Structure formats: C-alpha cells, structure tokens
Amino acid sequence: MTDDAPARPTSPTPARLVDVASTVNGRETRHRLDARTLLVHLIREHERLTGTHIGCDTSNCGACTVLLDGEAIKSCTVLAVQADGHEITTVEGLAGPYDGFTAVQEGFRQCHGLQCGYCTPGMVMAATGLLAVNSDPSEQEIRASLEGNICRCTGYQMIVDSVRWAAEHGSDQPNTTG
Amino acid sequence: MSLVGAKVLRKEDPRLLSGTGTFVDDLSPPRCAFAAFVTSTEAHAEIVSIDARAALKIPGVLGVWTAADFADHPDLPGGLPDLERPALARNIVRFAGEPVAVVVADDRYLAADAVAAVDVQYRDLPVVTTIEAATADDAPVLFANHGSNVVTVVPTMDDLERQISRCDDRASLHLVNQRCAAVPIEAVACLADWGADGLTLWATFQAPHHLRNYLATWLDIPQTQCRVVAPDVGGGFGSKIVWYPEFFLAPLLSKWTRRPVKFAQTRTEAMMQMAHGRDQVHDLDIGFDRDGTIRALRVVISQNLGAYPDPTGVGLAVLTSWMAAGCYRIPDVSTSFRTVVTNTTPVAAYRGAGRPEAAYSIERMIDLVARRTGLDPAEVRRRNFIKPGAFPYETHNEPVVYDSGDFPAALDECLRLVRYDERRAEQAARADDPDAPLLGIGLSSWLEIAGFGPNGSLEGFGHLASWESAQVRIQPDGSAIVFAGSSPHGQGHETTFAQIASDELGIPFDRIQLRFGDTATVLQGVGTMGSRGVPTAGSAVKVASSRVLEKAKKVAAHLLEAAEADLEVRDNAFNVRGSPGKKVGWGEVAWASFQPLSLPPELQAGSLEERLFQESPNFSYPSGAYACVVEIDRATGAIDIVDMVLVDDCGTVINPLLAEGQVHGGVAQGIAQALFEAVVYEPDSGQPITANLLDYLVPSAPDMPGYTAGRITTLCPNNPLGAKGIGESGAVGAPAAVVNAIVDALAPFGVEHVDMPVTPEKVWRLLHDATAPERSHR
C-alpha cells in the first residue's frame, strides 16, 4: 500500500451516533445508532422484527410499510432518528379477534391475498392504514390506496378482495401488543 | 369428502401474515458479516486496475477480493466452451453491473462504504446490446476465442417458401418480444456459514438440491459437507434457478473470514444482475387460403442471450420453436433459430420461458390472417384448431406430442363469458361516434408445454434428472410428514401437497406436514420450475401416499383380524365394510407399525414410509382461451382494460383458490409485458436505463384490471393426478390477448401491428400518423 492512494471518496466520515427513543408495537425502545440508519434497519436489525421487508431502494415497492403514529409510511425512506419520540407499529404488532389476527390479516387468509408472502406485511400495513381512515373503501379506492405497494405474485385482484373482506368484517383498529 | 378440488385455506399463511416467516435476510447468526459487490460501471471494457487500498482502511472492513483470489476455482457451472462466465469478471467486463470485486465488512452500511471506496479503472471497448448490432459484419466480439457473437444456430431443413407461395395469400410479421425482468420482490440473498462441520448456504432459490449439486463440485467438497437451504423464498418466476456468483463466492468468504457471511442484493443491483427474460425477435411468414385455412408457417427466431450464455437461456428458443404452431393444425411448420451474446445482463428463464414468445407470435399471426381474409378472429381459430378427438397429437417436432385438450370448448366458454357478440355489436355502434373511446376485443387461444418432464428433458438444462421426489413418513401418532423434492416460492405446496396426501392416506389435512427446501433433510430433489409442481411432485406425493396406505392396511387388517380388501379408510380410521363399529384408528395403526410384536410377519418396524422418484412419460400441455377488452382514449392513446376473461384448462385442479391465484399472477405479468415493462439499454454505451423500479414499470393495483376466470377440464393422461400445471399459463396467454385487443381497436386506422410494451405514446402516434381517409372510414 502506497501513500499516493487516489483522491476519491474514501473512508466515510466517522459514524455519528445518535440516541433514538421510540415506541415499537407498544414497547418503549432506545437505541444508539449511526445517524444514517434507516428506520427499516432499526426495525429489522436492532429490534429484530423481521416481518417488515425490503424490496427496493427507490421507495416504489412498499414491502417496508409500517405505521408511524398510525399512518402508513415506507420505513426504507425514513431515517431512524425521524422516528425518535414516535410510535411505530409493524406487522408483528397487529392483534385482533380472528385467532389473533386483525380483520385485514384474516381477509388476506380468506381471500388468498398472498402467495410468496414477501410483500404481504407491507400490503397488510398499507391496508390497515387505509381502513383506519376509510372503513368502507370501494374497489377503486382500495386500488388507489395500494398504489405504492407492489405484489409480483397475485395480480392484485385477490388483494383487493382481501381488503374488502376486512372492511365487511369489522373495522377493528390495529391493537398493538406488548 | 375429497380435499383435492376443494378451496382449502393455506397452511403457509399464518406465519407469512404475522411477519414470522423466514426469508434469507431475516437470518442473523452471531458475528454475521456482510458482503457487497463492486460492479462494473461499463458494459464492455478491459479492467485496467482495481485499487482497494482506501476501502481496506475503513474500520470494520474485513477484506476485498478480486478474480485473482478465486483462481483455484473454475468458472461458474453450465457455461459453454470459450463462453464461460467467471464468478468475478477477469480482465474483461461484458455487461454493466457485472461483479468485479467483493467486499466483506461488519455490517451492510460499512460494506457499501467500502464498495464506494474501491477504485476500478477501465479501458472501454465497443458495445453491442441488440441482436442486430451483435451480428453486424464489423461487430465487436465479446469472446475472442469463440470468434463470433453467434452462439448456436439451428437451421431449418426446409424454409417452406414453396408451400407458402402456393397458398391463396400470405402474410408476414417482424415481432419483437422485448426483454423483461422477473422482479421477485425478494431479490437475491444468501447466507453462508462454513464452520468445522462443513458449509451451510441459505439461499433464495427455486431448486436447492440443484444448487447443492453444483456448489459442492465447484468448491471441491463432498455433498455431505455442503448443505443448501431455501427457506421462505420471496418469489422466483425463473430468475432463481440461475448460477449467480454470490452463491458460489459467499461460502469461500465465510471460510476465509471465519464468520457467517450474508449478502442481500439491492433492487438496483438486482435489475442489472438477476437474469432477464424473453428478448427474442421473430420473423414470421404464414400461408393461408381465402377461407382462413392455414397451410404453412415459417418462424425464424433470434434470441439475445445477454453477456454470458445461461444453461436455460440457450434452451429458450428450443421451447419457442417446439410450441410455434400453438393449438392449430398446420400441415407445414418450419422453425429455426440462432442465439447471440450481447453486452447486456444474461437472459434465462422468466415465467413461461420460451412459450410466451411462441404463443404471442402464433396468436398475432392468427389475427393477421383474420384481418387479411375479413373473417372474425374467433372463426379463423375455429377453422384451424386441432380437433378434440385428435389427441395424442404429433406436432412438427418429434418430442412434442400434445396430450389432451379441447380448444373449441375453451374458446366457446371464453366468448360466452366475455359476451363476444354483444361486444362486437357495441364496437360497431361506437365506430361512428368520434367522442367514444375506441373499443377493441382480443383473443388468445394459447397452448404451452409444462410438467417438466420426461427423462432427459431437464438434464438438457443441466439438472440432475427430470423426475421429482417425495417421501411420506408416518409418525407413531398417525400424523404424517411429507418430504417434497420440489421447493416452493409462493405456490402453496404445503397446502396442495397436504390435500393430495390427505386424500390418499385418509389422514386429516391438519395432521399432515410438508418439509422441503433443505438438502440435509429432504431426499434428493430437482426443483420448482416449468409448471411441474403439481403434475410431477404432486404425483409423487400421491403415489408415495397410496403405497404407504397399502402397507398401513396390512397392519390394520392384522390388528382387526380382517381381510385387507374389506377395509376402507374413513374418519381417520380403518373400518371394516359391513361391520359397523369394527375399526381401528390411524393412530393405533401407526403406533403398532413401530412394534414388531404387533405386525404381520411380512412387515418390519417403521415400514409405513415410502420414498419414490416420480417419472413422467411425456410433458403436459396446459391450454386455454383468454379474451381482453380494451378502451382507447382517442385523444391521449391511454389504454384501459375493461374486461379480462381467462378460461384455463390445467387438467385436475387441486385447489381452485390457489389455481386461480396462479392464473391471476401470470396474467398480471403478461399484461405488464404487453403494456408496461421493458428492460432498455442505451445502445452505444450499454448503460441500463431501467435499473430501478422508478424506471422499470412494474404495475401496482390501480394499473391492473379485475379478472373473470372460467375453466374447462381435460385430464392429462401422463400422470396419476391428471394435472397439467398452471404456474406459467397466465404469462403465456395474456400478452397476445392484450395486443390483439389493441390492434383490433386500432384496425380502423390501418394498424396491423404494434410492438410491446404498447404505451399510450405508441398508440397516440399510430392514431395521429393514420391517414385521414382511413380515419373517416369508420
């Protein structure tokens, strides 16, 4: 190794550590993180809640969708520090009357709204976010509200049916466990 | 009550819906390090230097490795002589995104930092991205030792020019079946842990045994020291039966760093590195008589293989040429093809793999014949269909013998569901209304080849064999474990195979558990591709289960002191016919089966277990008829699918809910190819301009229509289930239906063809380029 290494992006600035305190699925958590840590990595790698997935790097696929203070957001596009002082609900935090499932989860089961299951937690969280603000959405409203979530397996019809099933079987709000 | 044919809810769903499934990147063993790849920024270049000094200075970076570090290992498996792909680019890069170095660091952020800090200098070489450019006289050659960009040429013995020119009329089309990306939402990921007891590789893959077979050889270790696990796999569609370098390098990185090493591709990497599909160009000529009878068809296929010939990629055009005549009785068919390398991502199987290309071409040609003869497209199909009584039907290619089908019945059902005559009347009524959107109706009477396959068929693509395995084992309490050699990635094997086993064994569905995807626990396996899950693996489960039942009956008969022939299995028990109440439960039989003192002399303890390799005497041939109705906005060219009718014939249906889901998913990918998706390269530089999901349009819910599904059933005679397979059907049948509908809507403007993806811009240009008299014609 010589001293005339090229002058180009080399080692990054040393990690700046920040404290992030948030409520995840009803439980208060505190982590000291590299400031650039994405929320999805806080959830997956520090909280070890791996139901929230990563499917793209441009915020298009929605596999990482979680609720931030009750609103569906894409956790790959939010820094963990932005969740400081906020409440996060992931798919693991859903609980409802259908053998532990919410109506949305049960709707996906009843209507075959999932195949490989990789996009599913994001879909479920996006649908949960929709029903929280519109308890009786039309097919067109469901499709429009899931615009930011990509499923490569189902062709969407059965996902739409799943969300309608949930709308027709009670508007149980997401209860968080913990 | 039979479970086969019932809408049973899936066993898979509770874990996947609660976020407790296990995908590769969910695994995080202690001390796990993370690998990331330095990838080529150039499409064709010599590597002048790789300088990793800056990267190695970053705290937490464990190392940087280049091709030279792997010189003890061969190139990736399955390559053709002089055209092999090195695991890391050696001296020359041949496509943008090709891995040139690999970094391992403590976590994925540091690995990304290190990748950014590696300095690679290139000397650019001229680039070819298309078949046309790669076959030009002065084209730069990708592989100097091969000397040409043309890899294989399969010529025709007879171009049929004489037969075509003898017909009343002839027509020709030049069709581009554009390059698509599979885009499973889980990209490539693997985790290698090579410790004192050997290697375990967790990989998102469709065929873990297949990977194990080749990986052990590549690493030069016995297969006993090489365990491959495919846990929950987030979609595949053909793109996860490809030899990606990551699967081969990660084990060595684990060995060298003495840590588990994980790799998880970003989507941008995946768009450049996961194999693409399609990318064929067809030149078609068809000869026909005035009454619509087709006499001869010539299909000339060119396949873009991308930068390195993939073992499946080189075979795609074979399947296309096999299926070129679709479901029609055409006396003379001529097919030929060539495969060509270019400076693009390698091409391999993508849902349908060679058959969507065939179905699209023949179905476009049928509509062209209808246009030229003035006959209705449905009528041209009817006049040329292979008749329902003509099976088994020998085609223009000797290995291809259609098993069964009823093409007229499928079309009739499709026309009924789409209200064809009503739609045609509405179309005519709208013609004179310049304010109404244009209406188009498109048909696709498609046929594919599936159920791979007969002995020898998958071996041609590098697989160990073409059978599929199943092992059925009864536990002492009378519950059953089914080990399946076919490992799923969304198909629902846990459910459908349990349905099959439950019916055969008489054991309740809830007491049957599937195991798959782990070479340490599952008997040999081949894999999940080519719509073979139910016809091949499902049949294996059925036969193995029935053999176990035969042995269980011997035990039960012994316990009951009754004749085997008098036993029937009902309500989880063996009942003696005609003697109400005389019965023994499955649990008691199972318990006894492990106790030598309770067994008849011909049975040994533990004999309620069966393993077998199910072979197939022939392929299966799923078919169907799809109809698409589109409305086109005259001002903007915007296309709206207002109806999509799907009539499938997959033989026996195990679970109608899951079968319909497979069709929907395939159709969505077919519609996406027809309307939205195309992998595009800048031709001079070879730079991908669709390398993320912003630029490559994978449709979401508002882009897609609802579907109306119908069904006819003709049984497959070549497997014990009578099933044909359904995984790829939708992707085979849908593109032609959509494009035929669009061309039908544009017919008044003189449009005879438009290439996929049919964007609003293309339609708008066609509308505005049309001549005024034609426009006022209607």
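The values are calculated or read from the model by the stated rules, or taken from the named source; none is laboratory data. Bear in mind the structure is a predicted one, so any value in this text is a computation, not a measurement. Methodologically, a virtual Cβ is constructed for each residue, glycine included, from the backbone with ideal geometry; neighbour enumeration extends over all protein chains shown. Note: areas computed on protein heavy atoms with side chains; ligands, DNA, RNA excluded. Shrake-Rupley method; radii C 1.70, N 1.55, O 1.52, S 1.80 Å.
Of the listed pairs B:Lys553/B:Lys582; A:Lys74/B:Lys255; A:Lys74/B:Lys7; B:Lys11/B:Lys724, which have alpha-carbon separations greater than 25 Å here? Over 25 Å Cα-Cα: A:Lys74/B:Lys255; A:Lys74/B:Lys7. Translational D (Stokes-Einstein, µm²/s) of the range B:262-354 at 25 °C and 0.890 mPa s when Rh comes from the Kirkwood sum over C-alpha pairs? In µm²/s, the coefficient is 166.
Taking a straight line from the alpha carbon of B:Lys57, these aspartates and glutamates sit under 20 Å away, with near neighbours fewer than eight places off in the same chain left out: A:Asp3, A:Asp4, A:Asp34, B:Asp69, B:Asp106, B:Asp107, B:Asp113, B:Asp119. All alpha carbon pair distances within the range B:1-142 were sorted into 5 Å bins beginning at 0; the resulting P(r) in whole percents reads 2, 8, 13, 14, 14, 12, 9, 8, 7, 6, 4, 3, 1, 0. Determine the dipole magnitude for the range A:17-91: charges of +1 sit on the beta-carbon of Lys and Arg, -1 on that of Asp and Glu, nothing else is charged, the reference point is the Cα centre, and the result goes in debye to the nearest 20. So the magnitude is around 180 debye. Which listed residue (B:Ser148, B:Thr496, B:Ala378) has the Cα farthest towards the positive end of the charge dipole for chain B, taking +1 on Lys and Arg C-beta and -1 on Asp and Glu C-beta about the Cα centre? Positive-most Cα among the choices belongs to B:Thr496. Sort chain A into rounded, prolate or oblate with this rule: let a ≥ b ≥ c be the square roots of the eigenvalues of the Cα gyration tensor; rounded if a/c is under 1.5, and if a/c is not under 1.5, prolate when a/b is larger than b/c, oblate otherwise. Because a/c hits 1.5 or more and a/b exceeds b/c, chain A counts as prolate. Anisotropy class assigned to the range A:103-168 is prolate, per the alpha carbon gyration tensor with a/c at or over the 1.5 cut-off and a/b larger than b/c. Extents of the range B:467-614, taken as max minus min of Cα coordinates on every principal axis and listed largest first, are 47, 27, 21 Å.
Bridge orientation summary for chain B: considering DSSP beta bridges with both residues in this region, about 80 percent are antiparallel. Return a whole-number percent for the relative contact order of the range A:1-143, with Cα pairs under 8 Å and 6 or more residues apart as the contact set. Contact order relative to length: 23 percent.
The alpha-carbon of B:Lys240 sits under 22 angstrom from the alpha-carbons of these lysines, leaving out residues fewer than 8 places away in its chain: B:Lys262. Dipole orientation for the range B:467-614: of the candidates B:Ala556, B:Ser579, B:Trp467, B:Trp467 has the Cα lying most toward the positive pole (charges on Cβ; Lys, Arg +1; Asp, Glu -1). One quarter of the surface of the convex hull around the alpha-carbon atoms of the range B:312-400 equals 7.3 nm², the direction-averaged projected area. Each Lys or Arg adds one and each Asp or Glu takes one away; over the other residues whose Cβ falls under 15 Å from the Cβ of B:Tyr696, this sums to -3.
Accessible-area loss of 30 Å² or more (1.4 Å probe, protein heavy atoms, chain alone versus all protein chains) is found in the range B:206-252 for B:Phe237. Taking a Cβ cut-off of under 13 Å around B:Ser607, the surrounding Lys, Arg, Asp and Glu residues balance to a net charge of +2, with basic ones at +1 and acidic ones at -1.
When its C-alpha radius of gyration is set against 2.2 N^0.38 Å (N residues), the range A:17-91 gives a value of 0.97. In sequence order, the range B:329-345 has phi-based couplings of 8, 10, x, 10, 10, 10, 10, 8, 8, 9, 10, 9, 8, 9, 7, 9, 4 Hz under the Karplus curve 6.51 cos²θ - 1.76 cosθ + 1.60, θ = phi - 60°, and Gly or Pro positions carry x. Computed over chain B, the quotient of the alpha carbon radius of gyration and 2.2 N^0.38 Å is 1.01.
Counting every alpha-carbon pair across the range B:543-680, the share separated by more than 18 Å comes to 71%. Rg and Dmax over the alpha-carbon atoms of the range B:54-114 stand at 13.7, 42 Å. Close amide H pairs (under 5 Å, H built 1.01 Å from N) link B:Ile185 with A:Arg152, residues at least 5 positions away or on another chain. Partner aspartates and glutamates whose Cα lies under 16 Å from the Cα of B:Lys554, excluding those fewer than 8 positions away in the same chain, are identified as B:Glu504, B:Glu564, B:Asp566, B:Glu568, B:Glu588, B:Glu602, B:Glu609, B:Glu610. What the phi angles of the range B:142-148 give under the Karplus curve with 6.51, -1.76 and 1.60, with θ = phi - 60°, is a coupling list of 6, 10, 4, 5, 7, x, 7 Hz, glycine and proline written as x. The relative contact order of the range A:103-168, computed from alpha carbon pairs under 8 Å that lie at least 6 residues apart in sequence, is 58 percent. Sequence-distant contacts, meaning Cα pairs under 8 Å at least 6 residues apart, place the relative contact order of chain B at 15 percent. Taking amide hydrogens as placed 1.01 Å from N in the peptide plane, the amide H of B:Ala33 sits under 5 Å from those of B:Val261, B:Lys262, each at least 5 positions away in sequence or on another chain.
What residues have an amide H closer than 5 Å to that of B:Gly527, excluding those fewer than 5 places away on the same chain, when H is modeled at 1.01 Å from N in the peptide plane? Result for B:Gly527 returns B:Ser487. Scalar couplings 3J(HN,Hα) for the range B:44-52, obtained by applying the Karplus form with A = 6.51, B = -1.76, C = 1.60 to θ = phi - 60°, are 7, 6, 8, 7, 7, 7, 10, 10, 9 Hz; x denotes Gly and Pro.
Scaled against 2.2 N^0.38 Å for its residue count N, the alpha carbon radius of gyration of the protein assembly as shown is 0.96.
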